[in-house]
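Okay, structure first, notes after.
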Amino acid sequence: MPEASLKPRTIGFIVANLLFLVQGMVGYGGVLLGLLPQTPTDDIAFFLIVVAFHGPFFAFLDAKGEQRSKAERYQLFVNWWIITAASATVFWELPWYYLEDDILRRGIPMDRFHEGLEWLWIFWGYGIADHRFLNGDGTVLSVEFLSIHTSLMLIVTYFMMKKRNIWGYWLAGLGTMGVAYGTVIYVLSEWYEGWPLISDRAYDFWVKFILTQTPYIFYGGFASFCCLYLAGELAVKKHQMQNAPT
């Protein structure tokens, strides 16, 4: 019997989740308890997030001698990406969107952070790079509203796909493409306007903004393709089963 070993994708999964936990529990917890300074902890935390965002890539790595089908790889990638995107939406973008009017505009300069509001540090850490929720117009906020709530819909499609529901795959494909498209529109509009809502600090621009947006575009777009491929394959199999001679 061959010796059991960790698969490359299992290691990638563990590392990605550990990075999310470290930036959350150590970074966020350390700032809340006054054990860590807000800066440069925010820079380190968002670098860890950027790396963890690429965890779904490992879904395509096979162990030595392992031969999985294309559908198996696509399914794992889609599951992994939806969990990643939905988690980011629930714990980060959703609070950002609904707290910005009541809390984040309460006279907090974006170049420093007032004492007593450390619990908002995780949102401030990104907000100093991307000001869309603080200063965005109705179009920007409308696109973000649709993107956030489409991501929440993906949670439902995840469980539908677990039950091999074809509609779950179709909705997941449309949803992931919608989020990717919304991100493309936002990035292109910022570029066209001259990046008015983006910090001119190199690290803020390249790491906190560009490298946290691009996974939604590339992984989200590819996840959409994977969902539609899986939906088509499942439909063919069901058709064959229904029309098989008895």
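Data table
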quantity	calculated
Among residues of region 183-208, those that are under 14 Å from Phe46 (Cα atoms) and either crowded, with 18+ Cβ neighbours inside 10 Å or touching an Asp or Glu at 6+ places or on another chain (Cβ under 7 Å) (or both), counted	3
Qualifying residue in region 36-49 (condition: in contact with a Lys or Arg (Cβ under 6 Å, 6 or more places away or on another chain) and touching a residue at least 24 places away in the same chain (Cβ under 8 Å))	yes
Verdict on Arg68 being out of contact with any helix residue (DSSP H, G or I) (no Cβ under 8 Å at 6 or more places or on another chain) and within 24 Å of Glu233 (Cα to Cα)	yes
Residues of region 154-169 satisfying the condition of being surrounded by fewer than 18 Cβ atoms within 10 Å (Cβ to Cβ) and under 19 Å from the mean Cα position of the chain (by Cα)	Ile155, Val156, Tyr158, Phe159
The one condition in (1) in contact with a Lys or Arg (Cβ under 9 Å, 6 or more places away or on another chain); (2) without any contact (Cβ under 8 Å) to a residue 12 or more places away in the chain; (3) not charged (D, E, K, R) that Leu134 fails to fulfil	(2)
Of all residues in region 232-246 being assigned to a helix (DSSP H, G or I) and among the aliphatic types (A, V, I, L, M), the one that is nearest to Val78 (Cα to Cα)	Leu234
Qualifying positions in region 14-60 - touching a Pro at 6+ places or on another chain (Cβ under 8 Å) and not in a helix (DSSP H, G or I)	Phe53, His54
Residues located in region 144-168, provided they are in contact (Cβ under 8 Å) with a residue 24 or more places away in the chain and not in a helix (DSSP H, G or I)	Arg164
Hey, Phe225 surrounded by 14 or more Cβ atoms within 10 Å (Cβ to Cβ), within 21 Å of Lys162 (Cα to Cα) and hydrophobic (A, V, I, L, M, F, W, C) or not	yes
In region 55-100, residue farthest from the chain's Cα centre (by Cα) [restricted to those that are more than 19 Å from Lys208 (Cβ to Cβ) and among the hydroxyl-bearing types (Ser, Thr, Tyr)]	Ser69
Hits in region 94-134 - residues which are charged (D, E, K, R) and either out of contact with any Gly (no Cβ under 9 Å at 6 or more places or on another chain) or at pLDDT 70 or above (or both)	Asp101, Asp102, Arg105, Arg106, Asp111, Arg112, Glu115, Glu118, Asp130, Arg132
Filtered residues of region 194-231 (kept if out of contact with any Ser or Thr (no Cβ under 7 Å at 6 or more places or on another chain), farther than 19 Å from Lys70 by Cα, assigned to a helix (DSSP H, G or I) and among the aromatic types (Phe, Trp, Tyr))	Tyr203, Trp206, Phe209
One residue from Ala129, Ala202, Ala172 being over 14 Å from the mean Cα position of the chain (by Cα) and free of Cβ contacts under 8 Å to residues at least 12 places away in the same chain	Ala202
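The values are calculated or read from the model by the stated rules, or taken from the named source; none is laboratory data. If you're wondering where the values come from, they're calculated on a predicted model, not measured in any experiment. Virtual Cβ from ideal backbone geometry, glycine too; neighbours counted across all protein chains shown.
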